[in-house]
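The values are calculated or read from the model by the stated rules, or taken from the named source; none is laboratory data. Quick caveat, the model's predicted, so the values are computed rather than measured. Here the Cβ is made from the backbone with ideal geometry for all residues, glycine too, and neighbour counts use every protein chain on show.
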Amino acid sequence: MTRAEAFSEREVAMCTVARLVEDGRTYWAAGGGTPLYSVLLGKKLYAQGAQYVTEDGVIAPEPLLPFEPMMTMVASRAVHRALAWGTMNSAGIHAQLGYMDYGVLNTLQVDQHGNINSTFLGEYGGTGRRFGGPGGADTIAACCWRTILITDQDKRKFVREVDFVSSPGYLDGTPGARERAGLPRDTGPWRVVTPWAMYDYAPRRLRLMARVPWVSTEEILAECEWKPLVADEVAVLEPPTAEELEILRTELDVRGQTTDAAGSWITWDGEKYVRQA
Amino acid sequence: MTIAERSAGQIEVLAEGTAAFHPVDPDGFRAYVRDNKNRALEPRLMTAREAVDRFVADGDYLTYECNYLMRGPNEVVHEIIRQEKRRLWIAGKFTYVDVALLVDSGCASRVDCGFFLSAPSIERAIKERRLEVFEYSNVIMTLRLQAGAMGVPFLPVRSFGGTTGFDHSGAKLIADPYTGNPITIVPALNPDVALIHVHQADIYGNSRVFGTGISDVESALASRKVIVSAEEIVDTEEIRRNPGATSIPYYAVDAVVHSPFGSYPGTCPGYYGSDPEGVFEVFRAVMGDGVRAYLDKWVTPFETFAEMLEQRVGREKLDAMRAREVVKEGYSA
């Protein structure tokens with residue numbers, strides 16, 4: 001592993017998720033962007049035996065990279081050399097049956113119980129802002145055994161209660177809330193990953209479990225409108241490696257759209273990593 | 001006590017959404033099939049103009065398969081905009097720019113949301129009450145179509161419960177009469193009309209879709225009127241040579257439109273890649289509140305989609321799109 005000289009914040013989040021990818025497990029990666037690239041990166045470097053599906057029902061493709069712009073599903077390069085081609089219902093039903101170990105999602109807003117908002121900011125029906133809706137994320141969050149959520153570390157994104165539950169976390173956080181809503185038993189949010197931190201649930205409530213070396217726990221908590229629990233020992237995440245970044249930049253996100261090349265960067269100053277605000 | 005009253009008392013409804021939903025009427029659908037769907041093996045090849053004129057009515061509930069960027073029925077969508085259909089209710093699943101095109105053109109006034117690209121013009125239409133949105137998810141929408149395609153009134157589903165979308169939908173949470181556990185049920189969706197772009201069809205409507213898809217078969221079977229647009233019209237002998245490759249049987253189809261490059265500027269997998277410039281242009285138009293200008297450039301000046309392709313896109317670019325589509329495995333029968 002080679003030390004990386006510089007990387008973007010979103011690259012950090014994708015590399016962190018890539019290291020969670022396990023051999024022999026199935027991943028339902030939402031849409032395009034960070035979830036799919038994280039899983040592909042994990043498959044390439046750490047867990048070649050991990051398999052993934054997307055919303056169009058493709059099973060275990062070997063995509064011809066890079067994708068054309070906005071063509072991460074249905075397009076021939078995206079579904080290339082799959083083991084099976086299906087439909088949205090086949091993907092949804094396989095998840096209902098329990099075949100999907102992990103769902104990987106991104107979102108606008110998450111709350112203390114892992115509920116996800118991708119529909120509306122503000123009071124629904126009022127003057128707030130409309131977004132695209134859950135897409136496939138509701139089924140992913142409901143039916144995969146474990147859900148990994150990717151989002152930015154931003155005060156407005158970590159709230160006590162989301163304005164609109166587009167996709168379910170632990171709902172009101174009480175034991176059995178998901179089951180009472182008709183969702184499959186023993187499922188739910190597992191990790192939240194941001195460019196600064198990783199969170200788990202203790203139990204059913206968001207808990208900061210790890211941080212990147214260049215940001216303090218206090219700085220992370222300052223970017224949470226509602227404060228999560230904090231683990232007794234907050235682990236320190238390994239920074240992205242040059243190998244990971246090489247793959248992200250030259251094979252996956254060759255146009256720099258998802259890696260957010262225009263966003264904040266972290267650089268090595270000879271002794272430590274420093275975040276360029 | 002009628003059977004309906006008795007069974008209503010036995011199934012306990014624990015919670016329910018309060019939104020309007022397209023009426024559920026399985027026997028009405030069967031009667032429609034009996035009285036209107038042509039079971040004779042008779043040609044139904046026609047132009048997009050004739051198909052839309054005959055089979056899309058103001059006020060219809062419309063579903064289209066895939067979307068404007070990926071094997072979308074774009075020729076037929078353009079024709080709907082050209083013919084100024086009104087008050088359409090859209091199944092907004094797995095869709096990006098299409099909803100904005102149909103709303104800004106004045107065609108659509110309701111949408112069931114799974115996912116669509118939200119945009120300034122959509123927000124304005126909602127605020128000005130020109131657009132009503134009902135909340136679902138992509139898979140819930142395709143499962144509703146699955147129920148519609150099975151001829152049953154609803155389907156139990158393992159997702160959607162506990163969401164805010166549930167409250168703004170036609171879903172219900174009931175005590176499952178078999179296990180006693182709570183289970184969400186969603187109303188069957190039987191659209192008035194479906195638009196499906198396929199790789200191959202014969203003149204009767206027997207259709208082949210290659211590659212992945214969203215709910216081509218479900219939409220075809222669930223909808224009263226079905227317009228198939230096809231990249232290629234093939235001989236029925238070719239269909240009979242490999243019956244396992246038939247995705248949609250002829251009797252579900254009302255109109256077959258020969259529509260080469262019918263998904264432009266999107267891709268038709270295996271046949272041609274997208275036109276990235278065209279994709280960015282429509283994306284920018286939607287996000288930048290420029291849909292009217294987009295339609296004035298790409299839709300309304302032309303009599304037909306073919307005329308637009310010839311004059312606005314040109315043979316050279318179409319050939320390049322075909323040449324760029326290098327993956328062929330799996331895209332033939």
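A few notes on this one:
- Wholly within segment B:152-207, strands (runs of 3 or more DSSP E) carrying at least 1 residues that are among the hydroxyl-bearing types (S, T, Y) and in contact with a helix residue (DSSP H, G or I) (Cβ under 8 Å, 6 or more places away or on another chain): B:182-187
- Identity of the residue in segment B:94-111, facing chain A (nearest Cβ under 10 Å) and of a type outside the set (V, I, T), that ends up surrounded by the most Cβ atoms within 10 Å (Cβ to Cβ): B:F94
- In segment A:31-44, the count of residues that are in contact with a His (Cβ under 8 Å, 6 or more places away or on another chain), buried (at least 19 other Cβ atoms within 10 Å of the Cβ) and assigned to a loop (DSSP other than H, G, I, E, B) is zero.
- Taken over segment A:40-83, the criterion of being among the aromatic types (F, W, Y) and at pLDDT below 95 is satisfied by A:F67 alone.
- Residues within segment A:20-54 that are of a type in the set (S, T, N, Q) and either closer than 16 Å to A:I247 by Cβ or within 11 Å of the chain's Cα centre (by Cα) (or both), tallied: 3
- For B:E84, the requirement of being under 22 Å from B:L189 (Cα atoms) and either away from every other protein chain (no Cβ under 11 Å) or of a type outside the set (S, T, Y) (or both) is not met.
- Hits in segment A:125-167 (condition: of a type outside the set (A, V, I, L, M, F, W, C), more than 7 Å from chain B (Cβ to nearest Cβ) and assigned to a loop (DSSP other than H, G, I, E, B)): A:G125, A:G126, A:T127, A:G128, A:T151, A:D152, A:Q153, A:D154, A:R160, A:E161, A:D163
- Residue among B:D167, B:D192 that alone is of a type in the set (D, E), surrounded by fewer than 24 Cβ atoms within 10 Å (Cβ to Cβ) and within 26 Å of A:G169 (Cβ to Cβ): B:D167
- Candidates B:L41, B:L102: the one that is under 30 Å from B:R322 (Cα atoms), at pLDDT 95 or above and not in a strand (DSSP E or B) is B:L102.
- A count restricted to segment B:105-127 and to residues that are assigned to a loop (DSSP other than H, G, I, E, B) and more than 23 Å from B:R71 (Cβ to Cβ) stands at 1.
- Filter pass, B:E237 being without any contact (Cβ under 8 Å) to a residue 60 or more places away in the chain, farther than 20 Å from B:G114 by Cβ and either part of a strand (DSSP E or B) or under 12 Å from the mean Cα position of the chain (by Cα) (or both): no
- Answer from A:P189, A:P175, A:P195 - the residue that is at pLDDT 95 or above, surrounded by 22 or more Cβ atoms within 10 Å (Cβ to Cβ) and part of a loop (DSSP other than H, G, I, E, B): A:P195
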